[in-house]
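Worksheet: one structure, shown below.
The values are calculated or read from the model by the stated rules, or taken from the named source; none is laboratory data. Bear in mind that the values here come from a model prediction, so they are computed numbers and not experimental data. Cβ atoms come from the backbone with ideal geometry, glycine included; neighbour counts cover every protein chain shown.
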């Protein structure tokens, strides 16, 4: 005669039960869709102190959401950041061209200053060679309005 072990009824019913969880039957994609739809905020502070003197304080704020949800909240900084948009290459090229233009203008200004300085020095050296010389004015193009004096 074989006998089956008599297990308490509660343990037999527990064997047939499963634990229902909130993620049961959900894939990772479903969970991610729920999180991105609602958004999640993770916030925390880290402080490093020695003898009640704070040496380092870090504030961490993390928001995980979909782009649409972020726009609803008024967060859209990535749309205007030139390094995150397709405009970045054109802005980099424009910046390079402006820098080259600025360098050429600065070089031209330096050469004009050097030319003006050399002309001033040349004029001063001519005066030193002959201190009695009188600078000659170029002839006037205007007609003399006063008639010559007659005696």
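Brief remarks follow.
- Taking region 14-34 as the range and being at pLDDT 80 or above and part of a helix (DSSP H, G or I) as the test, the residues that pass are 28, 29, 30, 31, 32, 33, 34.
- Single match in 106, 54 (criterion: over 21 Å from the mean Cα position of the chain (by Cα), part of a strand (DSSP E or B), modelled with pLDDT of 85 or more and over 30 Å from residue 35 (Cβ atoms)): 54
- Restricting 71, 96, 101 to residues that are within 24 Å of residue 29 (Cα to Cα), under 23 Å from the mean Cα position of the chain (by Cα) and part of a helix (DSSP H, G or I) narrows the list to 71.
- Test result for residue 44, in contact with a strand residue (DSSP E or B) (Cβ under 7 Å, 6 or more places away or on another chain) and either exposed (fewer than 11 other Cβ atoms within 10 Å of the Cβ) or modelled with pLDDT under 90 (or both): yes
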